[in-house]
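The values are calculated or read from the model by the stated rules, or taken from the named source; none is laboratory data. Fair warning: this is a prediction, and the values are worked out from it, not measured in the lab. Cβ atoms come from the backbone with ideal geometry, glycine included; neighbour counts cover every protein chain shown.
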Amino acid sequence: MTEPKLPPNQVWVAANKWPVVGERSPRNDNHPWTLHIKGCVQQSRTWTLDELSQEFSWTEQTVDIHCVTRWSKAEARFGGIRLLDVLATCVPQPQAAYLSFVARSTRDHSTSLSLSAVEELDPLLAMTYEGEPLAEIHGGPLRTIVPRRYFYKSLKWLETIELLEQDRLGFWEAEAGYHNQADPWNEQRYITRELSRPLLQRVLQQRDVSGLHLLSLHAEDRDLSGLQAVGAILRNAHFCRTQLQRANFSDANLSNASFRWANLSHASFVRADLEGANFCGADLRNTRFVGASLFGATFCPEGTTSSADKPAIVDLSTLIDVSSWLALSEKQQMFLRQHATILDANKPR
Ligand SMILES: Nc1nc2c(c(=O)[nH]1)N[C@H]1C(S)=C(S)[C@@H](COP(=O)(O)O)O[C@H]1N2
Ligand SMILES: [Mo]
């Protein structure tokens, strides 16, 4: 399979042009540049730039840059060392699944990748561009270059790499709603395509999407506790592992939404459309499903074959009214009858 060279809806900039995006300079610390690796590793380590160049073999890599703001720059040649070589000397622990790159910058700018993406993409810790030391404004003396991802995954002024069990969203991903996977070939730019960037930023800050129409929202791994989503149209939303305690989804359309492993304690789904929604592994204590449409919804794995899914955390504080419950499959009905409170309007208890 040959990939088209320019991802969808990007434009090439002139060969000698390289726009500057985001922060313009590193924090002005009065000590020499070091790279520090910590977190879930058997050995934390710190190097000066000279030590890095001495210990690891130098490589040159020519990459196409794709910025989320739609400019692409073809065939930029960077020199440096491979992140995978450096990581190997620290011996990541078995539970390490993500890493966070942190910049020496006034806002401690950061971005993250899964370790499987690191394996696949083979990022470069770059110190030169076209054979010259990397300019400070472009992240010199040390930045990451992550091929085949939007350029916000490539951190300027790299100072610390922390290995993590759970993902930690980066600056743009958390503040501006940039997509956490960032694959330009799939146009994974923002967590939704349906809002302008300023509106998306406001929605995330205020945690209020009430009345909005946002198809296929990608909100995995986010902290959206207290989210107001009254009457929102959120079909196909991805809320895997999302913090949604006390969220209000009254009258929302959440058909086919995935809430796997989400924290939904004290959330409300009054009159919500939840057809085909998946709640496996989610915390549903003190969650209310009243007047909801639950055709095809799952709270425990439906199949008999082994599945990655686990049943939702459900107890007597989980409230479902009997007519919502009746729409469920037999297996789901049984699971909820064993654990939750089924409210029967005719037989109050
Ligand atoms: N430290 C830091 N790194 C960062 C950013 C930033 O604001 N601060 N912005 C990101 C974004 S959105 C892009 S497109 C690229 C821009 O790099 P450039 O200015 O060298 O083109 O850096 C990425 N890395
Ligand atoms: Mo960007």
Restricting the range 12-38 to residues that are aromatic (F, W, Y) and more than 10 Å from ligand 1 (Cβ to nearest atom), which is nearest to L99 (Cα to Cα)? W33
Inside the range 168-178, can you point out the residues that are surrounded by fewer than 20 Cβ atoms within 10 Å (Cβ to Cβ) and without any contact (Cβ under 8 Å) to a residue 40 or more places away in the chain? E175, A176
From the list A76, A88, which one is surrounded by fewer than 19 Cβ atoms within 10 Å (Cβ to Cβ), within 16 Å of ligand 2 (Cβ to nearest atom), more than 24 Å from the chain's Cα centre (by Cα) and at pLDDT 95 or above? A76
Looking at (1) loosely packed, with under 14 Cβ neighbours inside 10 Å; (2) of a type in the set (V, I, T); (3) at pLDDT 95 or above; (4) within 16 Å of ligand 2 (Cβ to nearest atom), which one does V20 not meet, given that it meets all the others? (3)
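From the list T111, T69, which one is part of a loop (DSSP other than H, G, I, E, B), under 28 Å from E187 (Cβ atoms), within 16 Å of ligand 1 (Cβ to nearest atom) and within 24 Å of the chain's Cα centre (by Cα)? Give the derivation first.
On the way: T111 fails: part of a loop (DSSP other than H, G, I, E, B).
Answer to the selection: T69.
Only one residue in Q201, Q188, Q205 is without any contact (Cβ under 8 Å) to a residue 60 or more places away in the chain, away from ligand 1 (no atom under 13 Å from the Cβ) and touching a helix residue (DSSP H, G or I) at 6+ places or on another chain (Cβ under 6 Å). Which one?
Working: Q188 fails: touching a helix residue (DSSP H, G or I) at 6+ places or on another chain (Cβ under 6 Å); Q205 fails: touching a helix residue (DSSP H, G or I) at 6+ places or on another chain (Cβ under 6 Å).
After ruling out the rest, the residue left standing is Q201.
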I'd like the full set of residues that are among the small types (G, A, S) and at pLDDT 90 or above, limited to the range 202-218. S210, G211
Please state which of the following conditions F151 fails to meet, knowing it meets all the rest: (1) in contact with a Cys (Cβ under 7 Å, 6 or more places away or on another chain); (2) over 17 Å from A176 (Cβ atoms); (3) of a type outside the set (K, R). (2)
